[in-house]
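The values are calculated or read from the model by the stated rules, or taken from the named source; none is laboratory data. Since this is a predicted model, take the numbers as computed values, not measurements. Note that each Cβ is placed from the backbone with ideal geometry, even for glycine, and that neighbours are counted across all protein chains shown.
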Amino acid sequence: MSLGDELRYLRAFHGGGNLMEIEDEIGLDPGTLRMMEQRYCRVGEDDEELAKIAAYYGASLEKLQWHRERYRKALSAYLQEAMESEDAAGFELRTGEWMKGRVTWWDLGAFGLEPEGGGPFTVVQRHAVVDWEGVGA
Amino acid sequence: MLGLATRLGIGRAALEEEIGKPPEALTQKEARDWNRELAKRSTEQKSTISRKRGYLPESVDSFELAYLLEQKDAGALLRFTLFDGQTFEGVVVGFSPYQITIRQPEGDEITLNKLAIVYYRKAGGEA
């Protein structure tokens, strides 16, 4: 799960506050959190900023750094590679389930998966993918 | 070229059959022509989907839109699994970039926020 998706998840569980108000409270430049939540590239390079955000949400800096490595474009690259190679791809979902199968399509919001060993075709939401095989490999 | 073909749902074997040889064996001009042809098809495919792109990452994008339209037209029964583990079954009656509305078997309609959905599939194990 990307840092942006994790931050949105944390914000939702903190009452879904207004981004500008949170930025002001934390002491971040306007637009910092919005950019982190919505961009597809790797974001959150400034550990000092990230530490402030972690403290605000009661999360650990290490956890946010872990999500920083799982940025949306990295997932796109993995999906594309899996689709072209037709190899089985594995995903850990927010529900705790691991899902493995052949990726048949992907777009900016979701991807289609033919589960390994049969079962119904499944549309997985990208924002629900916590981790996938081969991150950082 | 292979990436473009994949985006169009054309596998390597089908592509080779259509162009008559492996892509690696094409001349530079042939490769350029085929790239142009595949790009044209890709544009045509996209242009059949008229919509306003959603602003947030969880919005319904092109492939999911096509899939949802297909399931809606077919009246397929889908089962949605949410972040909190709840599941809902129903046929798609409509959707926006951020929500999907389903009619449950007992007739009730419910609107699910895309952001709350983890995955969905056809109900009853149907592939």
**Item:** Selected residue (criterion: modelled with the highest pLDDT) from residues of segment B:43-62 that are crowded, with 16+ Cβ neighbours inside 10 Å and touching a Ser or Thr at 6+ places or on another chain (Cβ under 9 Å)
**Value:** B:Val60
**Prompt:** For segment B:69-127, which strands (runs of 3 or more DSSP E) that fit wholly inside it have 3 or more residues that are more than 9 Å from chain A (Cβ to nearest Cβ), closer than 15 Å to A:Val123 by Cα and in contact (Cβ under 8 Å) with a residue 60 or more places away in the chain?
**Reply:** none
**Asked** Does B:Val93 satisfy the condition of being touching a strand residue (DSSP E or B) at 6+ places or on another chain (Cβ under 7 Å), at pLDDT 95 or above and not small (Gly, Ala, Ser)?
**Response** yes
**Request:** Being more than 18 Å from the chain's Cα centre (by Cα) and of a type in the set (Lys, Arg) is the filter here, so list the residues in segment A:8-63 that pass it.
**Result:** A:Lys52
**Asked** Looking at segment A:82-93, is at least one residue under 18 Å from B:Ser62 (Cα atoms) and without any contact (Cβ under 8 Å) to a residue 60 or more places away in the chain?
**Response** yes
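Being closer than 20 Å to B:Phe83 by Cβ and assigned to a helix (DSSP H, G or I), is that true of even one residue in segment A:49-61?
Looking for residues that are closer than 20 Å to B:Phe83 by Cβ and assigned to a helix (DSSP H, G or I), one finds at least one in segment A:49-61, hence yes.
Given the structure, is A:Gly31 surrounded by fewer than 17 Cβ atoms within 10 Å (Cβ to Cβ), away from chain B (no Cβ under 14 Å) and at pLDDT below 90?
Answer is no for this residue.
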**Prompt:** Would you pick out the residues in segment B:68-99 that are exposed (fewer than 13 other Cβ atoms within 10 Å of the Cβ) and either within 14 Å of B:Ile110 (Cα to Cα) or touching a helix residue (DSSP H, G or I) at 6+ places or on another chain (Cβ under 9 Å) (or both)?
**Reply:** B:Asp84, B:Gln86, B:Thr87
**Asked** Just a yes or no: is a residue in segment A:47-54 within 13 Å of A:Glu6 (Cα to Cα) and in contact with a strand residue (DSSP E or B) (Cβ under 9 Å, 6 or more places away or on another chain)?
**Response** no
**Prompt:** Looking at A:Tyr71, A:Tyr9, A:Tyr57, which is the one that is of a type in the set (Phe, Trp, Tyr) and either surrounded by fewer than 17 Cβ atoms within 10 Å (Cβ to Cβ) or more than 14 Å from every other protein chain (Cβ to nearest Cβ) (or both)?
**Reply:** A:Tyr57
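Restricting attention to segment A:85-103, does a residue exist that is assigned to a helix (DSSP H, G or I) and modelled with pLDDT under 95?
Start the filter on segment A:85-103 by keeping residues that are assigned to a helix (DSSP H, G or I), which leaves A:85.
The next check asks that each one be modelled with pLDDT under 95; those that pass are A:85.
The answer is yes; a qualifying residue exists.
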**Item:** Tabulated pairs, segment A:20-47, first among the charged types (D, E, K, R), second part of a loop (DSSP other than H, G, I, E, B), C-beta under 6 angstrom, 6+ apart or interchain
**Value:** A:Glu23/A:Pro30; A:Arg42/A:Tyr71
